[in-house]
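To start, the structure under review is shown below, and the notes come after it.
All of the numbers you see were taken from the coordinates with simple rules; none came from a lab. Since the structure is predicted, the reported quantities are computational estimates derived from the model, not experimental observations. Virtual Cβ from ideal backbone geometry, glycine too; neighbours counted across all protein chains shown.
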Amino acid sequence: MEEHEGFTVGLALVDAIPVIFFSLSMIIIATALAGSGIAFWIVLIGAILIVLSGLCKVLWKLFLGLKVGDIKILNKIFVPFMASGFMIAIVGAIVGTFTHVIHWGGVLKAIVSIPALIFFILGFCGMGVMGYVKSTNKREEFNKDAKKNWIAQCVNGFAQGMMFLGILFATK
């Protein structure tokens, strides 16, 4: 039996959906921070690393689906790129706070506005389900189980879609 049986081009395309939603969310946030100096650039670098991590995972699944082979590096750099990207983006938010670029009172007001709040709640619920699915499986086993990947990516696509809509409505 092939190690990654069931990993198809379709799975790779479904895996691209949350990456697209996250990218669109980051475009909105970057646009809101544009012209704010160093905070913008730090957040942008973090966002780029996060998107690259997602794209590497999509390419890994795409190559498996196309029977090109298991390009292990594309799967292995996912976590380090993702974690580094989020840490860098957080640093950007901290810099934005101290340079008075980000006004958290206004951000909170936008987040709790309706319908943005509903989408954020749904998005965080989706992320919670995604975290649960991943936490109940060993990483190596999860990376070889197409069915679990389908479930996780459908949930992740939903969660990222809801977060995108929350950000979209919060910035209107």
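Side notes on the structure shown:
- FRET efficiency for the A34 to L117 pair, using the beta carbon distance and R₀ = 25 Å, is estimated at 0.50.
- Rounded to the nearest 20 debye, the dipole size of the chain about its Cα centre is 180 debye, using +1 on the Cβ of Lys and Arg and -1 on the Cβ of Asp and Glu.
- Among complete DSSP H helices in the chain, those whose alpha-carbon atoms stretch at least 27 Å along the helix's long axis and whose mean Kyte-Doolittle hydropathy reaches 1.0 are 9-33, 38-65, 78-98, 116-135.
- The range 84-172 - charge dipole about Cα centre, Lys and Arg +1 at Cβ, Asp and Glu -1, debye rounded to 20: 100 debye
- Given (i) 2, 9, 14, 19, 20, 14, 10, 7, 4, 1, 0, 0; (ii) 2, 8, 17, 21, 22, 16, 9, 4, 1, 0; (iii) 1, 7, 13, 15, 15, 14, 13, 10, 7, 4, 1, 0, the label whose value is P(r) over Cα pairs in 5 Å bins from 0, in percent derived from this model: (i)
- 20 °C / 1.002 mPa s Stokes-Einstein diffusion coefficient of the range 1-87, Kirkwood radius on C-alpha pairs, µm²/s: 155 µm²/s
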